[in-house]
Each structure stands twice: as structure tokens, then as C-alpha cells.
Amino acid sequence: MVEKKKRGRPSKADILKKQNAAEKDKLLQIILSIGLILFLGVLSINAKADQITHKFKSPSFNGVNTSSHFLTIENQEFNRRQEIKKEIQSAIEEAERDKENSTVQRFLRNFTSRVYAELSRQLIANLFGETPQTSGTISLEGNTITYSVEGDFLTLNIQEPDGTITTITIPIGSFTF
């Protein structure tokens, strides 16, 4: 049987059929578009894919730039050892400075300076005072100081405990004020 086409206005059932068919066609187009996009996405990812290989990042394991890596480590260790040595030396020097700047040490330096000044004054008095002596000997901390006046010259002989002798000759006649 051949259906005859009706003329005139379509019925509600015909309109619903056409709308359902149009919706099905639209839904089918959307599903096919999404499927095509997913398929192309999977193909593009596979086209860029590479073989997975494990590589060590540390040059100690992979051998790439190993020598420069070892040199860097050695340099860091060397610098740290030098810093430690400098810190130790600095601490030792600071302790020595603190020891030498203590009140007792300052007192001893001042006292020693004054004792030496007094010994020097007495030696000058013995040599050039009211009753000058022409020779003499002084013992000071294991050192022996011998002095003698010979004409216009004063000779000082300083003998250290190890036997070293230092001789100082001073012209007396040129000391005028």
C-alpha cells in the first residue's frame, strides 16, 4: 500500500514524529562529533608517545658530567674544611687576645716596664752619676749584662742563657744636650 500524502495542516502526531526524528538526528551528530574528537585525541597522544626509559638524575649514577659533579663536591668539602680551620684559628686568636688583655696581664706589663725603667735609671746613674763606675755586671732573668767605659765609648755585652752574646758600642762624647 502506498500512503497518500495528506494535504493541509499536519496533525500533532506528525509534528511530534518530526521533532523526535530531528532530536535523534541532532543527538546522533553530537555523539559522533564527541566520538570523533576523542578518537583524534587518542591518536594524537599515541603519535607523540615515546618509549618510557628510566634515567638517573644524579651524575654519580648515570655518568653524565660525573667529573664536574665530583669536582663540585670536592670544592664544597675543601671550602668547608677551610672555613672550619679559619673558625678554629679565629677562636684561638681571640682567646689569646683575651688572655693578654686581662687585668693581670696589663698589670704585669706595666710593672715590668717600670722595673726596666728603674734598672735603666740606675745603670745611667752608675755610668754618668756623681760617682761614675767604669765597669759593672747586672743579671736579669738569666741574661748577664756587662758594661764598661773605654775612653769615649760605652760597651754593653748582653749574654743570653743559650750563650748568644750581643755587643752594643755607644760613643759617650757625642751625647750632649
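The values are calculated or read from the model by the stated rules, or taken from the named source; none is laboratory data. Model, not experiment: these values are computed from the prediction. Counting neighbours? That spans all protein chains shown, and the Cβs are built from the backbone with ideal geometry, glycine included.
Quick notes on this structure:
- The range 105-129 residues that are over 18 Å from Thr146 (Cα atoms), paired with ones that are part of a helix (DSSP H, G or I) (beta carbon under 8 Å, 6 or more apart): Gln105/Lys99
- All positions within the range 130-153 that are within 16 Å of Leu119 (Cβ to Cβ) and more than 55 Å from the chain's Cα centre (by Cα): Gln133, Gly136, Thr137, Thr146, Tyr147
- Residue within the range 162-174 that is at pLDDT below 85, over 54 Å from the mean Cα position of the chain (by Cα) and among the β-branched types (Val, Ile, Thr) present: yes
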